[in-house]
Amino acid sequence: MKRTVFILILIALLVLLGVWMFVLGRQRTVVMRNEDIDRHGITYEAAQIVGISFDGAAETEITYDDAAVFYLVGSSHKLKLRVADEDGNTLRVVEKTIKLDLSKNITVDIPELLENKEEVIKLTGKMW
Amino acid sequence: MSQNLTFTEKLKNFFISNAVPILFVVITLLAVPVSGFSATYLIQEMITRIGRNSFLVLSLLLPILAGMGLNFGMVLGAMAGQIGLIFITDWSIVGIPGLVLAMLISTPISILLGILCGSVLNRAKGREMATSYILGFFINGVYQLVVLYFMGGIIPVKSPSLVLSRGYGIRNTIALDGVRQVFDNMIPLKIGEISIPLGTFFIIALLCLFILWFRKTKLGQDMRAIAQDMKVAQSAGIPVDRTRIISIVISTVLAGYGQIIFLQNMGTLSTYNSHDQTGVFSIAAILIGGATVSRATIPNVFIGVILFHMMFVVSPMAGKNLIGQAMLGEYFRQFISYGIIAIALVLHAWRRQKDKEMERRSLRGVKAEKQPQAEK
């Protein structure tokens, strides 16, 4: 009896460790889209140039109607968006903390994100 | 009795006992200058290959301790490790958590396969090596059925980079980008131009400590008793069959972890081939290190890995430089590698025969000495 309980506890601990590793090591593919979108009757216009940087890494610049793919591990990330005009002059810089769920693929519309006033934004996508 | 041996006999015994490592040292010493490789390159290669292969070879020690010979069934664990890697790649789990999760997934599969292997080997006592070798082929068939037909269909695997275009079955090659050299680079260390996979070495050191500790435990002592004489051990109340199964289970689980460490270093998983040669190469390495079917130590593992892989590195270039053609160099490598494995096994069989002869001769000597005493 004692032995069976010990084995069951061990199995439960290993399963928990597995779940923890899953959450900790899950890599999300985040697609950042910079295109005009209509959401609930409101039109969000895309900027001419947007510089995207996650967690202080090097900036990736995308133009109007373009997209960039990022691979992020972990749930919480600091996002820095630099909006520029067509000559490359910086118009504004927006910094936000984004929280990702366990989705594998997440698509983010930058114009909508820029209009969102909240500091921390929760993003969800497709699980598989 | 060895005290009565002359110097020549002692020397002869030394050469007989260490024939395989000595042969390899000689061939390596001849091949290294011909290959033209620099010392830095060779040291880097050896350090990388020790990190890559030692864990797999160390997994062979416990079945030898239990008198079950060389566990060709370690490929079962290797397959379990690969299944773990397929799942974490599908789920996009990267880094150290990915490798730990792959190990956790492989563990129950390895345990089940180990129990199956141990149970079969208990029905084939005395013929464990041949039986485990054939069992490896059988489970390989089951593995292929699961990976080629069930995965993507019955077993959910959704990543398009893994599943074949027909909708089920796993692709032939999987890039392990998310976990490539994660353990190796866990603790980065570079001395001059040589980078040392300290993280992997740390894991290998932990396994060595585990093996040293395990030998001193009750279970370890039971295994040694079983290796000495199964019937005596049974009479002494040791559960022989159960202990033998445990030794195979531990070996299979460790082989699964070893395969994960091996593949994270390679960075690519060949779904249907990666495990094929795992058993043969690991066994060849441990034999080259001076181990036998009945006796193997941790130094045997490291000596074997160094000598075997030194041959692997230098033989193609040595062949190319000797013969002058790159393709022939590759054949030369195959010829040397497999030829040496055959020699290692033949020398092992020859040494066993010599040991038996010496044992018989010594028994006759004891009898001859005893007779005059009895007359007195």
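The values are calculated or read from the model by the stated rules, or taken from the named source; none is laboratory data. In this text the structure is predicted, and so the values were computed from the model without any measurement. Positions of Cβ are backbone-derived with ideal geometry, glycine not excepted, and every protein chain shown enters the neighbour counts. We work out accessible area using only protein heavy atoms, side chains counted, and drop any ligands, DNA or RNA first. Shrake-Rupley method; radii C 1.70, N 1.55, O 1.52, S 1.80 Å.
Only a single item in (1) more than 11 Å from the chain's Cα centre (by Cα); (2) open to solvent by 10 Å² or more (accessible area, probe 1.4 Å) is not met by B:ASN53, and it is number (1).
Residues that are under 24 Å from B:VAL94 (Cα atoms) and open to solvent by less than 20 Å² (accessible area, probe 1.4 Å) were ranked within the range A:53-73; the one that is nearest to the other protein chains (Cβ to nearest Cβ) is A:LEU72. If you go through the range B:117-129 and keep only what is open to solvent by 70 Å² or more (accessible area, probe 1.4 Å) and in contact (Cβ under 8 Å) with a residue 12 or more places away in the chain, you end up with just B:LYS125.
Being within 14 Å of chain A (Cβ to nearest Cβ), touching a residue at least 40 places away in the same chain (Cβ under 8 Å) and within 23 Å of B:ILE283 (Cα to Cα) holds for only one residue in B:SER110, B:SER59, and it is B:SER110. Considering only residues of the range B:79-93 that are within 9 Å of chain A (Cβ to nearest Cβ), in contact (Cβ under 8 Å) with a residue 40 or more places away in the chain and on the phi < 0 side of the Ramachandran plot, which is surrounded by the fewest Cβ atoms within 10 Å (Cβ to Cβ)? If we take residues in the range B:79-93 being within 9 Å of chain A (Cβ to nearest Cβ), in contact (Cβ under 8 Å) with a residue 40 or more places away in the chain and on the phi < 0 side of the Ramachandran plot, then B:ASP90 is surrounded by the fewest Cβ atoms within 10 Å (Cβ to Cβ).
Look at B:PHE210 and say whether it is assigned to a helix (DSSP H, G or I), touching a residue at least 40 places away in the same chain (Cβ under 8 Å) and of a type in the set (Phe, Trp, Tyr).
Numbers: assigned to a helix (DSSP H, G or I): yes; touching a residue at least 40 places away in the same chain (Cβ under 8 Å): no; of a type in the set (Phe, Trp, Tyr): yes.
No: the conditions fail for B:PHE210.
Considering every residue within the range B:157-171, establish whether at least one is crowded, with 20+ Cβ neighbours inside 10 Å, assigned to a helix (DSSP H, G or I) and in contact (Cβ under 8 Å) with a residue 60 or more places away in the chain. Scanning the range B:157-171, I find no residue that is crowded, with 20+ Cβ neighbours inside 10 Å, assigned to a helix (DSSP H, G or I) and in contact (Cβ under 8 Å) with a residue 60 or more places away in the chain, so the answer is no.
The rows are residues; the columns are (1) over 26 Å from B:ASP241 (Cα atoms); (2) of a type in the set (A, V, I, L, M).
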site	(1), (2)
B:LEU70	no, yes
B:GLY77	no, no
B:ASP90	yes, no
B:ILE93	yes, yes
B:VAL100	yes, yes
B:LEU104	yes, yes
B:ILE109	no, yes
B:LEU112	no, yes
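State whether the residues of the range B:131-151 include one that is within 14 Å of chain A (Cβ to nearest Cβ), in contact (Cβ under 8 Å) with a residue 40 or more places away in the chain and in a helix (DSSP H, G or I). The answer is no; no qualifying residue exists. What number goes with the only condition from (1) over 30 Å from B:MET230 (Cβ atoms); (2) assigned to a loop (DSSP other than H, G, I, E, B) that B:ILE96 does not pass? (2) is the only condition that B:ILE96 fails.
Condition check: open to solvent by 60 Å² or more (accessible area, probe 1.4 Å) and at pLDDT 90 or above. Does A:GLU45 satisfy that? When the stated conditions are applied, A:GLU45 passes them. Of all residues in the range B:113-130, those being charged (D, E, K, R) and either within 14 Å of chain A (Cβ to nearest Cβ) or part of a helix (DSSP H, G or I) (or both) number 1.
Under 17 Å from B:MET317 (Cα atoms) and either of a type outside the set (Lys, Arg) or out of contact with any His (no Cβ under 8 Å at 6 or more places or on another chain) (or both): is that true of B:PRO33 in this structure? It is true that B:PRO33 is under 17 Å from B:MET317 (Cα atoms) and either of a type outside the set (Lys, Arg) or out of contact with any His (no Cβ under 8 Å at 6 or more places or on another chain) (or both). Within the range B:225-240, the set of residues being over 19 Å from B:ALA124 (Cα atoms) and open to solvent by 80 Å² or more (accessible area, probe 1.4 Å) comprises B:SER235 only. When the range B:279-295 is filtered for residues that are surrounded by fewer than 24 Cβ atoms within 10 Å (Cβ to Cβ) and more than 16 Å from B:PHE24 (Cβ to Cβ), the ones remaining, listed by number, are B:VAL280, B:VAL293, B:SER294, B:ARG295.
Of everything listed in (1) without any contact (Cβ under 8 Å) to a residue 12 or more places away in the chain; (2) in contact with an Asp or Glu (Cβ under 9 Å, 6 or more places away or on another chain), the single unmet condition for A:LYS2 is (2). Screening B:ILE96, B:ILE134, B:ILE109 for residues that are open to solvent by 40 Å² or more (accessible area, probe 1.4 Å) and within 20 Å of B:GLY169 (Cα to Cα) leaves exactly one candidate, B:ILE109. Note on the range A:1-42: among residues that are in contact with a helix residue (DSSP H, G or I) (Cβ under 9 Å, 6 or more places away or on another chain) and away from chain B (no Cβ under 14 Å), the one that is surrounded by the fewest Cβ atoms within 10 Å (Cβ to Cβ) is A:ILE42.
Against the list (1) open to solvent by less than 40 Å² (accessible area, probe 1.4 Å); (2) within 26 Å of B:VAL100 (Cβ to Cβ); (3) not hydrophobic (A, V, I, L, M, F, W, C), the condition B:GLY220 fails is (2).
Could you tell me which residue of the range B:180-207 is most open to solvent (accessible area, probe 1.4 Å), considering only residues that are in a loop (DSSP other than H, G, I, E, B) and over 15 Å from B:ILE50 (Cβ atoms)? Spell out the reasoning first.
First pass over the range B:180-207, keeping only residues in a loop (DSSP other than H, G, I, E, B): B:180-187, B:192-193.
Right, trim to over 15 Å from B:ILE50 (Cβ atoms) and you get B:180, B:182, B:185-187, B:192-193.
On the way: B:ARG180: 106, B:VAL182: 29, B:ASN185: 97, B:MET186: 72, B:ILE187: 71, B:GLY192: 71, B:GLU193: 145 Å².
The extreme case among them is B:GLU193.
Taking the range A:74-109 as the region of interest, how many residues are in contact with a helix residue (DSSP H, G or I) (Cβ under 9 Å, 6 or more places away or on another chain), in a strand (DSSP E or B) and surrounded by 14 or more Cβ atoms within 10 Å (Cβ to Cβ)? Break it down stepwise before answering.
Narrowing the range A:74-109 to residues in contact with a helix residue (DSSP H, G or I) (Cβ under 9 Å, 6 or more places away or on another chain): A:74-75, A:79, A:81, A:83, A:92, A:94, A:96, A:98, A:102, A:104.
Of the ones still in play, those that are also in a strand (DSSP E or B) are A:79, A:81, A:83, A:92, A:94, A:96, A:98.
From what's left, surrounded by 14 or more Cβ atoms within 10 Å (Cβ to Cβ): A:79, A:81, A:83, A:94, A:96, A:98.
Going through the range A:74-109 one residue at a time, the tally reaches 6.
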